[in-house]
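Please read the structure below before turning to the comments.
The values are calculated or read from the model by the stated rules, or taken from the named source; none is laboratory data. This one's a predicted model, so the numbers in the text were calculated from it and none came from an experiment. Note that we place each Cβ from the backbone using ideal geometry, even for glycine, and neighbour counts take in every protein chain shown.
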Amino acid sequence: MSPIPSDALAPQLPSAPAFSVGTIPVFGDLILSPMEGFSDMPFRSICREQGSAMSYTEFINALDIIQGNPHVLKKLTFLTAERPVVFQIFDNEPARLLEAALRLPESALEVRSMQTRVMAAPSEIDILTATIAVLQDMEFNVERIEKPLGVVTASKVTDADSKAEKSGLFVLDLLCAIGGGSDCDAMSTAQDDQHITLTMVVLPSLARSGEYSVRITVQRVIYDKMDRVKVLERIEDAPTYQAIFDNLRKSLFIQVGAK
């Protein structure tokens, strides 16, 4: 059986909201409940395409938010096309719940805005194809392509050194590769290995036909020479994401124009 085009999966929004949560309208009465270990971003996105009008994240410990635990970022990540999304925070102290909630909106919005763009294209396949071309130019190895889900994952291994260099040299090399440079070796004198993973998810926009929400995340793990993990972090450098999206738009223009 051929995959159903994603546009066909996108729910048709009713003309009026079924109800509102505060000032936020909810267009429908099917709600995806929070399920620990299940209601992550890919699962929520599929349910959204199938008609869910609002969804909840997995359970998030208020203490993890307050203490800045890095694993919380994954649970807070969501696509624009998923909105409205509810962050499901738990704790047995109302004061901690309030503090955790007040820490969420600004940072979550800032990161999501940095990593997400809306693009016009004939289909999400065109965006995926253009993305693969950009990744290959950046010398990434494409590891996974899930066309029905609109997901591309790629990785590369480079070098890393002291903490000061880990950020500076990494961004220099990444921007150099994005710009098509052939001598992107600022990391060549570094002492440690870093594994960089880039994931892109494409979902059809629920607002306009022919538009797609594109989210890119970049993460790296730095290992010492004994293969011990020294750093695990998500890249939050705005110019890096902007440069990737700029190149993706150029690649998409060429991809569509060549048809």
> Just for segment 22-39: of the residues that are farther than 23 Å from residue 99 by Cα and not aliphatic (A, V, I, L, M), which one is surrounded by the most Cβ atoms within 10 Å (Cβ to Cβ)?
Replying inline: 39
> Of the residues 38, 27, 19, which is assigned by TED's automatic domain parsing to the domain that holds residue 89, aromatic (Phe, Trp, Tyr), at pLDDT below 85 and under 25 Å from residue 152 (Cα atoms)?
Replying inline: 38
>> Checking the structure you have, find out if any residue of segment 42-63 is loosely packed, with under 15 Cβ neighbours inside 10 Å and either in the same structural domain as residue 212 (by TED's automatic domain parsing) or among the charged types (D, E, K, R) (or both).
In response: no
>> Condition first: part of a helix (DSSP H, G or I), hydrophobic (A, V, I, L, M, F, W, C), loosely packed, with under 15 Cβ neighbours inside 10 Å and at pLDDT below 90. Now tell me which residues in segment 229-259 satisfy that.
In response: 238, 254
> Under the condition of being among the β-branched types (Val, Ile, Thr) and part of a strand (DSSP E or B), which residue from segment 64-103 is modelled with the highest pLDDT?
Replying inline: 89
